[in-house]
Amino acid sequence: MTQAWSKLEQSAARLSAQHLRELIDTDQRFELLSFRHEGMLMDLSRQRIDAQVMSELLELANEKQLPSAIKALLQGEHVNNTEDRAALHSALRLPKSAQLQVDDQDVVSDVHKTLDRMEQFVNQIHQGQWRGYTGKPITDVVNIGVGGSDLGPLMICEATHQFRPEASLNIGLHFVSSMDGSQLSNLLLELDSETTLFVLSSKSFGTIDTLANAATAVDWLQERSGLNRELLIKQHFIGVTAAPEKAIAWGLSEETLLEFWEWTGGRYSLWSAIGLPIAISIGMQGFRDLLAGAHSMDKHFEEAEFANNLPVLLALIGIWNINFQDIHAHAILPYDGRLAHLPAYLEQLEMESNGKSVGIDGSSIAQRTCPILWGEIGPNAQHAFYQLLHQGTERVMCDFIVPARRYVDRESSLQEQHQLALANCLAQARVLALGDAALTDGIERPAWQRYFGNQPSTVLMLDELTPYNLGSLIALYEHKVYVQAVIWGINPFDQWGVELGKKVANDLITALNQSADHQYDPATEGLLNEIQNLRGNGQ
Amino acid sequence: MKISVWGHELSAWIARAQLAAYGNDIYHAVADNEPIESHLRSEPGLLTSIQAAEFNQRLIIDPHKALESEVHWIAMESSDFAEAKILVERLAESDKPLLLINQSNFGVGASDELQSMLDESKGQYVVYFPDVLQAGQAMQQFANPQALLIGSEHEVATELLLSLLRPFHLGQRAIQRMTRREAEFVKYAITGILALRLGYINEMAGLCDQLGIDIDAIRRGMTTDVRIGSHYLQPGSGFGGQQFTQYLEGLSTLLSEQKGSVFVDTLLQQNEVNKEWPFRTLWQHYQCDLSNKTFAIWGVAFKPGVADVETSPALRVIDALLAQGAKLQIHDPEALQTLAARYPGNQQIQLMTHNYDACEGADALLVLTAWPEYASPDFNRIASQLENPLIIDGRNLYDPNRVQSAGITYYCMGRSCLTNA
């Protein structure tokens, strides 16, 4: 236990009797606890903290050697110790003029070579010169990928829809991830095989979910065209992978492969060639804006003193809530329908990174780590789980994410709709913090109409939702996750917890197809028998 | 008579040439007494007539005097309506009677708008005289009109226009009188139905390929019905032409804005697909790989007899082939200069002055414009020049048997039953 940790425990005890409404009602609360980086404001004034807690949290960061840890991350040291590699998503956003040599690789030059190749592909598609097997231009692009190869591009494409250039307006973009083919089977009924291009995204090129969908897509093309597999893959597939030799063995050729590198974690990969669907949607300039916004946050993370460093502060507030306020649920609440997929994206980013109980040195972690994250578009969630936030028994921390300006050149009725969303966002943050005190009418209410308040929240307000600001926002969360991992002493860049299930599933496929001699646990045996019986009856 | 002619459309230059040839004094405010754009310069008979008019001092550049005429002929580009209004505003300052003959594609109602800027009580009138000239035959068509369509609200104005054009119709041609708006719309309606016929026959050709029927037999059969006639029924890989396309796009916009109809828009989109037929055929023939191949192209003008490549179907084919990394050896009797201007310094393109030279060492010959000089070539010579004896005929110019007996693989539209390909 470090010194700062003990101090924070004492502070928690000191503040335990104080309601958040009392903490808020202090001098210069907003000025002291709101922080800005370019087009983004981070408001921590609704957190259960005071100036002393802030300084103790910063002390904790220094005790945990955060400055050198940040340097190690950005300079490409092998911060991912269990897989002995760097985690260089920040290098994917470095400008061409930067220099970074890691493990004998000229990282910046490789990154920009890939960006240039992406640009060629995007231009060819936008100009109608990427041709299908009959020579017609591509009209639809289907991204096949799962996890990081799906959530990131999907989330960004949905959020930046309005920024599509003229040339991409006629290109339909679709995302397919589910292992059981649910999405793909519907899509294939609508699409024209002559004009559909598949982007096959898999870091390992061994993800069974993705390869199963790809196999179905190839079958569909073959059935419709009567042509051979090789030719169809050449014209109708782009591969994005860090395992090119496997992609080539599958049937792709170098000309239609975009590579990224082992040092890009799947859930950190939207900045790499995995972002191809984003570039197809908002054009290469839009994609480069996204990268520039993220790079700007990287610089801020690297250079700003911790007292004003947005990712560091956001991480420390999380540490305070989880480890000193005993809050283990975290709601992500965007007040902007364009960010509908952001909660799912952050669920993966945070829980796959920090959902761990073993430290870097292999010892088990004494304190709590990543909380359960979930979320929904705020105004919709108001009609769903806000009841629990306001009157349940669980303590929950919330992130409200909202742009200040929207629809500036659209109908006034739409502008009013955005005002409505903003008003609701401010109202919910206020009621969660203050509870009944948000009311000023002085009327006594029965118990079931009472609000306890005292639920902490952070408001992240973007001036506007643009590719640049969105890039900054996502980089903010990425670095927040890293800072928390450093404080907890864990490796956020591996995900061993998802491996065993895959192995056992492979085993069970054989068990499902033939009655295996192998004995499973009684629970699994019971289900296997049920399935065999149902199948038998169905035949 | 003293007449001022405004604008740079083909019809403006034809009016200058023909009206001057019949003794009128033509004033204008252009910088040069000859059309600058090369596709106008190559209009048969136009340039010599213009030069003759200038020599005879019947074509006079004088921006001030041009404003003083009592008859003004306006054939400006469709995008120049604002400029036309500024001109009419200046003309309106006069107290004298005026006749303004509008031939520009400014849209339905534009002539009424111009009329509203003038004073009818002083005898200042606007008539709309639709431009029905076809590039390549415009001089002859102006001189010998089959009928006259006149949009006019005032009998005086109609008569004045008719008297002006008397040397050409001699009082012997049918005259259709209608309102200005109707006359403006007629031009759209004419263009629309011509495009429909071309679109229709191409759809039939595609179907004939599937059914194993010869589209040429079907076409000949159709033309025996007098209600149908024979014009605009030749299948081909798309239609083009600046003016034709502009009117069609205008009609498409009118239809979609006024009644939410995509009727003509669908036709236009399908035409864009048809334009790429030669590319798709080549693409499929070479199994989706055209890189490092060389192709000969005969004809890039949007139709024979003109040097204009704007909106020409050939451009779509050229762009597609260039994007695939192919090399092109291109011939056209008239349009090579305008084509070169579109692809400055392009290393993949070689322009050829002789059509057979284009075939030397090529992996296929693509025929994209139906120039008469391509109609009956020496197929044996072509077969020996081509690296791979293959012809893709986007204009259905040839007899499949003749081509194939020279050992050439032949693709054309709607005749797959006659080609082995």
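Worth a mention:
- Dipole magnitude (debye, nearest 20) for the protein assembly as shown, charges at Cβ of Lys, Arg, Asp, Glu: 1200
- Relative contact order for segment B:142-207, counting Cα pairs under 8 Å that sit 6 or more residues apart, in percent: 40
- Take each residue of peptide A:131-139, count the partner chain Cβ atoms within 10 Å of its Cβ, and average: the result is 5.
- Ranked list, fewest to most other Cβ atoms within 10 Å of each Cβ, for A:Thr241, A:Thr466: A:Thr466, A:Thr241
- Unit charges on C-beta of K, R, D, E only; dipole of segment B:8-142, Debye: 320
- Two-site FRET efficiency, A:Gln417 against B:Ser121, from Cβ-Cβ distance with R₀ of 56 Å, rounded to 0.05: 0.55
- Extension gain, A:Arg450 to A:Leu528, is 23.1 nm, computed as 0.36 nm per intervening residue step minus the present C-alpha separation.
- Computed [θ] at 222 nm, helices only, for chain B once each DSSP H run of length n ≥ 4 contributes -39500 (n - 2.57): -13000 deg cm²/dmol
- Model label points for A:His328 and A:Gln519, set 7 angstrom from Cα along the Cα-to-Cβ axis, are 3.6 nm apart.
- For the set A:Lys96/A:Lys234; B:Lys187/B:Lys275; B:Lys2/B:Lys122; A:Lys136/A:Lys246; A:Lys96/A:Lys299; B:Lys2/B:Lys96, the pairs lying more than 21 angstrom apart at their alpha carbons are A:Lys96/A:Lys234; B:Lys187/B:Lys275; A:Lys136/A:Lys246.
- For peptide A:154-161, the mean count of partner chain Cβ atoms within 10 Å of a residue's Cβ comes to 0.
- R0 of 41 Å, Cβ-Cβ distance B:Asp289-B:Gln51: FRET efficiency to nearest 0.05: 0.20
- The amide H of A:Val102, built 1.01 Å from its N in the peptide plane, has A:Val107 as neighbours under 5 Å, considering only residues 5 or more places off or on other chains.
- Counting only Cα atoms, the size of segment B:2-178 along its three principal axes is 41, 36, 29 Å, in decreasing order.
- For segment B:182-280: span of alpha carbons on each principal axis (Å, largest first): 41, 35, 24
- Using every pair of distinct Cα positions in segment A:208-332, the Kirkwood expression returns a hydrodynamic radius of 18.2 angstrom.
- R0 of 22 Å, Cβ-Cβ distance A:Thr440-A:Glu22: FRET efficiency to nearest 0.05: 0.85
- Proximal aspartates and glutamates relative to A:Lys7, as straight alpha-carbon distance under 18 Å, when same-chain residues fewer than 8 apart are discounted: A:Asp50, A:Glu56, A:Glu59, A:Glu63, A:Asp326
- Calculated translational diffusion coefficient of segment A:89-282 (20 °C, 1.002 mPa s; Stokes-Einstein with Kirkwood radius over alpha-carbon pairs) equals 128 µm²/s.
- Here the convex hull built on the C-alpha positions of segment A:125-165 has a volume of 76 cubic angstrom per residue.
- Take each residue in B:278-287, count the other chain C-beta atoms within 10 Å of its C-beta, and the mean is 3.
- Once you reduce segment A:256-321 and segment A:104-122 to the center of their Cα atoms, the two points are 16 Å from each other.
- Whole-number percent relative contact order across segment A:89-282, with pairs defined as alpha carbons under 8 Å at least 6 apart: 29
- Order of A:Leu200, A:Leu465, A:Leu189 under a 10 Å beta carbon neighbour criterion, fewest first: A:Leu189, A:Leu465, A:Leu200
- At most 11 other Cβ within 10 Å, DSSP loop - GluC sites (Glu not before Pro), segment B:1-108: B:Glu93
- Here A:Lys356 is the anchor, and the lysines within straight C-alpha reach of less than 21 Å, apart from those fewer than 8 places off in the same chain, are A:Lys64, A:Lys480, A:Lys502, A:Lys503.
- Spatial separation of Cα centroids for segment A:1-33 and segment A:217-237, in angstrom: 62
- For segment B:234-274, projected area of the alpha-carbon convex hull averaged over all directions, nm²: 2.9
- Translational diffusion of segment A:497-538 was estimated from the Stokes-Einstein equation, with Rh taken as the Kirkwood radius over Cα pairs; at 10 °C and 1.306 mPa s the coefficient is 143 µm²/s.
- When both bridge partners sit in segment B:1-156, DSSP labels roughly 5% of those beta bridges antiparallel.
- Relative exposure of B:Met413, A:Met179, judged by other C-beta atoms within 10 Å (fewest first): A:Met179, B:Met413
- Only Lys, Arg (+1) and Asp, Glu (-1) charged, at Cβ; segment B:207-411 dipole about Cα centre in debye: 200
- Extents of chain A, taken as max minus min of Cα coordinates on every principal axis and listed largest first, are 75, 60, 53 Å.
- Normalised by 2.2 N^0.38 Å, with N the number of residues, the alpha-carbon radius of gyration of chain B equals 1.09.
- Separation in nanometres of the label points that stand 7 Å from Cα toward Cβ, at A:Arg117 and B:Leu211: 4.9
- Distance between the C-alpha centres of segment B:207-277 and segment A:354-429: 56 Å, rounded to the whole angstrom.
- For segment B:207-411, dividing the convex hull volume of the Cα atoms by the residue count gives 146 Å³ per residue.
- Estimated vicinal HN-Hα couplings, Hz - segment A:226-234 in sequence order (Karplus 6.51, -1.76, 1.60; Gly, Pro = x): x, 9, 7, 4, 4, 5, 5, 5, 4
- If the segment from B:Cys417 to B:Glu34 were pulled out straight at 0.36 nm per residue, it would be longer than the present Cα-Cα gap by 132.9 nm.
- Karplus-derived 3J(HN,Hα) values for segment A:67-74, using 6.51 cos²θ - 1.76 cosθ + 1.60 with θ = phi - 60°, are x, 6, 5, 5, 4, 4, 4, 6 Hz; glycine and proline are entered as x.
Quick note: the coordinates plus some simple rules give every number you see, no bench work behind them. Just so it is clear, the model here is predicted, and its values are computed rather than measured. Here Cβ is always computed from backbone atoms with ideal geometry, including for glycine, and neighbour counts include all displayed protein chains.
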